[in-house]
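Worksheet for the structure shown next.
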Amino acid sequence: MRIKILIFLSIFCFLTLSAAGCVGGQQKPLGFSGVISYDGILYLGSTDGKVMAVNPLARDQEMSFPSPEGEWDYAITMPSRSISCGPSSVRVSIYGTPTVVDELVCIGTYSGKVLMMSPSARSQNLPFPQTGSGEWSYPRTEDVIGPIVGSPVANGDTVYVCSSDGRVYALDMTYGDEKWKSDPLGEKLWITPVVKEETVYVSTFDGHIYALSAKDGSLLPLVFKAEAGFVSSPVLYENIIFIGSFDRNLYAVRVGDNEPLWKFPGGNWFWAAPVVGNGVVYAGCLDGKVYAIDSKAGNELWEFDAESPIVSSPTLAGDMLVVACDSGKVYTLDIFKGAPINEVSIDAPVRGSLCVQEGIVYIRAQDNCLYAVDVGKGKINWKFPLAIK
Amino acid sequence: MANLWNLIIVDPMLNGLIALSSLLPKAVEFGLAIIILTIVVRLILTPLTLRQIKSTEAMQSMQPKLQELQKKYGKNKEKLQQEMMKVYKEAGVNPIGCMWPMLIQFPIWIALYQSIMRALATTPENLLDLSRHLYSWQIVNQALPLNSHFLGLDLGRSGGEQIGGLVLAILVGGTMWVQQKMTTAPSADPRQQSTSSMMLFMMPFMFGMFCLMFPSGLPLFWLASTVIGIATQYFVTGGWGYLRPPPKAQSAPKRKSKRAL
């Protein structure tokens, strides 16, 4: 009887833990890379670890992928470190939106690598990296830095990237050599840094905003400390940094000040970096609302309830503000009153940054599809599944 | 159903865990909060634990009688069942009584497990998910994100990725073995004894392996829980049980708690 009980309890424990792992455990990092447009081609990271170049014209014509019109994809893999009988290499997760510099595509991966890719080499499926084409990876060996969640930022001949090891890395744009790396600034830097002139601004989970010299990474005496940590990437506009905090406030901090210019309370975290235009801050909040706030005074101009958490940063398109939320709804709002102009539903959460090009918004949703949404007409032009081959 | 489960059990525990973390020194906040919350939950569940220990003990004390019955009525299953039930009834013991307290405790342990995993929020998806379960209390929001480091361990990383995780896995496996050994009576039947010995090693080994796969916050909770379990067992039964039985009573350690039944 006792043995039966023990066997029963062992099986029960195992099943319970397995079930609990499914219902309440850690979710696998899928990534939510956004879309960027350069020279008529869309660049993005997919949830299955690929960097892709998609030509919207080819998609309009429903050509097979990759078409010769500048399209390609490249799967980034890393050696598997888990104890299992699975494959020896696994696809990486990509959170940051690619950056295009001098016709080369730069991306940071959650596996802790920075890659510079040449569209011409990638479209020919040549082994990576083709150094002659300007390709490189950092670190060059099988080593990795901490997981990268934000996007790389290019400035001059340097690429700046933040890592989960708490450091900012400055890499040579041509060869990928490390110019400098900062001391650890916090536990994790899941952000896209702001680079302006000779200064790199970064915010940390422990509530600091640091300014570093872009030349050598040394700390500048422009430190701001808040009581709670910062959750969003910082945005710099007219010498004011706008940033979301874990204490559910959106902070406006004038560079060099010890006190915030203002704090705007939301119903949850301001996860997405706000967008600023014409003296107005448009901030999406995880409470499901979009707030328009006066950038100088901090008072609310209007708010719009999308009824679902907003993870993706809003995007300005002329007099319209495009907002996508976790329910998959994409709203086009009038920037003056916040009134909805159009609404489209794509039935999958949207978490990556949006890309607006000639009245069309390109959205990579969590169903691993790329959508082209005509915001003026409020309709989906096409849907392109990214999990191909 | 999942929403109700979160609303009533997991979310209060999760917010309590984070609020507790914010009151503790930053360097050890989350690790210490896990240990304290485990102790608190264990204390709340003490009546159930005591009942379970006593029921198990009572069942074990009846083993010689039951083995006799098996020898006597081994071929007549129906008669054997009847006689066994009679013995249980006379002793006032419910044969599955030792399992009910354990089954009732399971949802609490699962909730605690889920709270720890959620609070760790190791990936951006997890952090986003966490935001949906937090109260608007200032003490909770200002505590985030939690410092996941504790005594050289990163509680958010799996045990297999760090040396400290291996040590933790050995500790969890070792303490689980001790706890099981304290309650597993040696059997006169060699076949039963071999199954029993196998089980004695299988569970600690299985949990040791889990420790290498799961974020280290969870093994820390298992370790704290098992150590408290050993201490409870020690004080309730008045000794190390079958781990170090008295020389004259190899198969029957102290059973003073039987009287309490």
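The values are calculated or read from the model by the stated rules, or taken from the named source; none is laboratory data. Predicted model, so just to flag it, every value in this text is computed and none were measured. Using ideal geometry, Cβ is built from the backbone for each residue, glycine included, and neighbour counts are taken over all protein chains shown. Just the protein is used for accessible areas: all its heavy atoms, side chains included, with ligands, DNA and RNA removed. Shrake-Rupley method; radii C 1.70, N 1.55, O 1.52, S 1.80 Å.
Viscosity 0.692 mPa s, temperature 37 °C: what is the translational diffusion coefficient of region A:35-172 from Stokes-Einstein with a Kirkwood Rh over Cα pairs, rounded to a whole number of µm²/s?
For these conditions, the coefficient is 212 µm²/s.
Stretch B:N3-B:L200 to full length: gain in nm at 0.36 nm per residue minus the Cα-Cα span? Walk me through the intermediate numbers first.
Numbers: separation 197, 0.36 × 197 = 70.92 nm, distance 3.75 nm.
Value of the extension gain: 67.2 nm.
Cα to Cα, under 20 Å, and not fewer than 8 places away if on the same chain: which lysines meet these conditions relative to A:K377?
Answer for A:K377, where 20 Å is the Cα cut-off: A:K329, A:K337, listed by chain and number.
Can you list which of the chymotrypsin sites (Phe, Trp or Tyr not before Pro) found in region A:296-389 are DSSP loop residues with at most 13 other C-beta atoms within 10 Å? List each step's numbers first, then the result.
Values: sites: A:W302, A:F304, A:Y331, A:F336, A:Y362, A:Y371, A:W382; in loops: A:F336.
Passing sites in region A:296-389 are A:F336.
Let me check I have the definition right: for region A:92-205, take the eigenvalues of the Cα gyration tensor, multiply each by 5, take square roots. What are those semi-axes in whole Å, largest first?
Those come to 23, 15, 12 Å.
Got a sec to turn the phi values of region A:192-198 into Karplus ³J(HN,Hα) couplings, 6.51 cos²θ - 1.76 cosθ + 1.60 with θ = phi - 60°, whole Hz, x for Gly and Pro?
Karplus-based 3J(HN,Hα) across region A:192-198 equals 9, x, 9, 10, 9, 6, 9 Hz.
Of all the stretches in chain B, which is the longest one without any exposed loop site, taking trypsin sites (Lys or Arg not before Pro) in a DSSP loop (any state but H, G, I, E, B) with at most 12 other Cβ atoms within 10 Å? Walk me through the intermediate numbers first.
Numbers: sites that count: B:K75, B:K248.
After excluding every exposed loop site, the longest remaining stretch is B:76-247.
Once you have all Cα-Cα distances for region A:256-322, histogram them in 10 Å bins from zero and send the whole-percent values.
Over region A:256-322, the share of Cα pairs per 10 Å bin runs 21, 55, 22, 2 percent.
What average number of partner chain Cβ atoms lie no more than 10 Å from the Cβ of the residues making up B:139-147?
5
Total Lys pairs in region A:49-200 closer than 18 Å by alpha-carbon, pairs eight or more apart in sequence or interchain only?
Total qualifying Lys-Lys pairs in region A:49-200 comes to 6.
As an exercise, identify the trypsin sites (Lys or Arg not before Pro) in region A:90-182 lying in DSSP coil whose Cβ has no more than 16 other Cβ atoms within 10 Å.
Working: sites: A:R91, A:K113, A:R122, A:R140, A:R167, A:K179, A:K181; in loops: A:K113, A:R140, A:R167.
Here the sparse-neighbourhood loop sites are A:R140.
Tell me whether chain B comes out rounded, prolate or oblate; compute the Cα gyration tensor, take square roots of the eigenvalues as a ≥ b ≥ c, and use a/c under 1.5 as the rounded threshold.
Numbers: a/c = 2.49, a/b = 2.02, b/c = 1.23.
Note, shape of chain B comes out prolate.
Looking at the square roots a ≥ b ≥ c of the eigenvalues of the Cα gyration tensor of region B:87-207, which shape do they give, rounded for a/c under 1.5, prolate if a/b is larger than b/c, or oblate?
Verdict is oblate for region B:87-207.
If one takes the accessible area of chain A alone plus chain B alone and subtracts that of the pair, with a 1.4 Å probe, what total in Å², rounded to the nearest 100, results?
4400
Quick one: accessible area per residue over chain B, 1.4 Å probe, rounded to a whole number of Å²?
Ligands and nucleic acids excluded, the figure is 49 Å² per residue.
Over region B:33-153, what per residue volume does the convex hull of the Cα atoms give, in whole Å³? It would help to have the intermediate numbers written out before the result.
Values: hull volume 22.8 nm³, N = 121.
About 188 Å³ per residue, rounded to a whole number.
Per the 1.4 Å probe, what fraction of the accessible area of the protein assembly as shown, in percent, lies on carbon and sulfur atoms?
Values: 16470 of 28620 Å².
That share works out to 58 percent.
Quick one: grab the alpha carbon gyration tensor of the protein assembly as shown, order the square roots of its eigenvalues as a ≥ b ≥ c, and give me rounded if a/c is under 1.5, else prolate or oblate depending on whether a/b is larger than b/c.
Prolate shape, in that a/c is at least 1.5 and a/b is the bigger ratio.
Semi-axes of the equivalent ellipsoid of region A:282-389: what are they in whole Å, largest first, if each equals the square root of 5 times a C-alpha gyration tensor eigenvalue?
24, 14, 11
What percent does the relative contact order of region B:122-234 come to when contacts are Cα pairs within less than 8 Å and at least six residues apart?
Contact order relative to length: 34 percent.
Over region A:121-214, give the accessible area per residue in Å² for a 1.4 Å probe, as an integer.
40
For region B:139-204, how big is the tail of P(r) above 17 Å, as a whole percent of Cα pairs? Spell out each step's value before the answer.
On the way: 1284 of 2145 pairs.
Pairs farther apart than 17 Å: 60 percent.
If you look for lysine pairs in region B:1-130 that are eight or more places apart or on different chains, how many of them have Cα atoms under 26 Å apart?
Step by step, the pairs that qualify in region B:1-130 add up to 18.
Per residue of A:216-226, what is the mean number of Cβ atoms on other protein chains within 10 angstrom of that residue's Cβ?
Counting Cβ atoms of other protein chains within 10 Å of each residue's Cβ and averaging gives 0.
For chain B, what does the relative contact order come out to in percent, with C-alpha contacts under 8 Å and a separation of six or more?
Averaging sequence separation for qualifying contacts and normalising by length gives 26 percent for chain B.
Just the Cα atoms of chain A: what Rg and Dmax do they give in Å?
Reported Rg and Dmax, both Å: 21.9, 76.
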